[in-house]
Structure formats: C-alpha cells, structure tokens
Amino acid sequence: MCPVSVDGYRKATINRHHRSTSGVAYQQKILEGGCRKLYKVYLYTFFRQRVMAFFVSAVGALQTIVVALGAGLGVWGIVNLLEGYGNDNPGAKSQGMKQLMAGGGVCLLGTTVVPLLSGLF
C-alpha cells in the first residue's frame, strides 16, 4: 500500500480503466502505478517547496549583505572626502568621491538586482 494515496485519485483511476478490462490483478496494477505517480508528484512538490524556501531566504540574506557592504563603502568614502577637504588634499577628495559613488552603486544593485535572483527557479 502506498503511504501517499488519495482515495479520489485511486477510485478515478480504477473507474476509468474498469470498463475495458476487469479483474483484481489489473486493478491492483493500476493502483500501484497511480500510487507511484502520486508519490513522485508529492516528492517533487515537497522538495521544490523546501528548496525554494531556502533559496528565497538565501536571497534575502544576500541582499542584506550587499546593501551593508555598499553602505560601508559609502561611509568610508564620506570619511575620505571630509579628510580631503580638511587637509586640502585633492587626491583624498577624489578617492572619497569615487568610494561614495561606488558605495551608492552597490547599494542600488543590492536593492534592485539581487531580489531578481529569487525568480530564477
């Protein structure tokens, strides 16, 4: 007997094939085949749900990490920019502005592109 059986599915399978051939052995063969199909569908949906739940949570964690890295890079750029203005150093100002813009770009990627990964599968 199959552990994952739906009575309506099994009865419909028997009734559909009952008219052409009768016999207990044939009906049992249909039941076992239907059960295998049902079991495969059950396993497929079970694992698909588990994998998708893990993947969605992993995408959420990845998004948080990417945005945090972008924010850190932006803060570091602001510090370099202010240091460049304080010491009248054009090289530090340029580097600070580049880091600030790069941090903003990474945050933007983290909020727009990373959530699209959840739709891959």
When the range 53-90 is checked residue by residue, the ones that are touching a residue at least 40 places away in the same chain (Cβ under 8 Å), closer than 13 Å to Leu117 by Cα and open to solvent by 40 Å² or more (accessible area, probe 1.4 Å) are Phe55, Val56, Leu62, Gln63
So, in the range 91-118, of the ones that are within 21 Å of Ala61 (Cβ to Cβ) and in contact with a Leu (Cβ under 7 Å, 6 or more places away or on another chain), which residue ends up surrounded by the fewest Cβ atoms within 10 Å (Cβ to Cβ)? Val114
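The values are calculated or read from the model by the stated rules, or taken from the named source; none is laboratory data. Quick caveat, the model's predicted, so the values are computed rather than measured. Using ideal geometry, Cβ is built from the backbone for each residue, glycine included, and neighbour counts are taken over all protein chains shown. What goes into the accessible areas is simple: the full protein's heavy atoms, side chains included, and nothing from ligands, DNA or RNA. Shrake-Rupley method; radii C 1.70, N 1.55, O 1.52, S 1.80 Å.
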